[in-house]
Structure formats: C-alpha cells, structure tokens
Amino acid sequence: MKQPRNSRKSPRKSKSAKRPGEYSKGIGSSAVASQQSPRLGLEAALEKIIPREWTLAHYNPQLPPVLSTPAMIGMMEIAAAQSVQAELPAGAITVGTRIEVDHLKAVPEGTSVQATARLVEHKGRFMVFEVTASAGEHLIGRGRVYRAIVEPAKFHAQAHARKS
C-alpha cells in the first residue's frame, strides 16, 4: 500500500524555475544557439548630451532636471547591443532580459554622458555585459546588463501574441 505524501515536505522546485543569473531557453533558441557566440571582451561606447526628456523633471516638474535611472540604463543597453551586433548571426538582434545597475551620482540636463559595455560571459544565446556610465571623471553608474540573441520576426510574433 502506498504511503500518503507528507504535505509538510518542502515543495520541489520546478525544472523551469531559475535562480538569478541562470539561463533558460526561449524565443528562437534552437536556431540562434547553434550559431557561434560573439567573442568575450567585445566593447562599445555611446556618448550623449543629456536632453530634458531624459531627466526626472520631464516626468514630474517637482523633481530635479537630472538624468533618470531608466535613461542611464537605456544608454548602457544600447552600448551592450552595439558591442556584439557585428558578430551576431545574420538578421539576429539582442534584447534585454535583466539588469543589475547602481545609479551612483546625479548629473544635470546638458551633461555629456558616456555609457560603455563589455561582453564578459555568454552561454548559448544569453550574454552578460559589464556596464558603466560616466560624466567626465565621475563614475555615475555601473553594473551588469543581460541580453539574449533573438530572431526579430519570431520575437515580434510572440510578443504580439501577448497583446491584450
């Protein structure tokens, strides 16, 4: 006779559960993962003069006109995408999957900010970039950006299917 399961046992983690930093399969993984991954160490930089639209004051006039964290992260993500674009499979792009970024210092509208990204890890179609943002000699942000290689048509179709 079978013994009933003890309901006090801790639940098993599903095979699909991921810990931070783990990789999983997803959109376009079979075709893209079979391609060789970009070389570690690839780098890119993006420099912009911060417009008012990228400041906190643009969203709420009661807040200061300083670079918003999402705008800084956006610059970091663009630099990461640009760093590997030349070594992706034909027609492939990268999309962000995770960010771990500290915004360390505020800079005002009109400041020249440079975001840099360097590919430090990859597994299949998933990549990890070390990123920084600087204004002159001031480090204003740093962290890691995670991106995945996808096939744009398949990615768009799957994203569009989720539209409510």
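Mind giving me the FRET efficiency for HIS58 and ASP102? R0 is 22 Å, r the Cβ-Cβ distance, nearest 0.05 is fine. Please report the intermediate quantities before stating the final value.
Details: r = 22 Å, r/R0 = 1.01.
The pair HIS58/ASP102 has a calculated efficiency of 0.50.
Once fully extended, how much extra length lies between SER164 and ALA45, figured as 0.36 nm per residue of separation less the alpha-carbon to alpha-carbon distance?
Working: separation 119, 0.36 × 119 = 42.84 nm, distance 3.68 nm.
Value of the extension gain: 39.2 nm.
For the stretch 29-161, the Cα gyration tensor yields ellipsoid semi-axes of 30, 17, 11 Å (square root of five times each eigenvalue, largest first, whole Å). Backbone N atoms of the stretch 141-159 closer than 17 Å to the 7 Å Cα→Cβ label point of GLN114 belong to residues 141-143.
Each residue, GLU121 and GLN85, gets one label point 7 Å from its Cα in the Cβ direction; the gap between the two is 2.6 nm.
Since every read-out is calculated from the coordinates, none of them should be taken as a lab result. Fair warning: this is a prediction, and the values are worked out from it, not measured in the lab. Cβ atoms come from the backbone with ideal geometry, glycine included; neighbour counts cover every protein chain shown.
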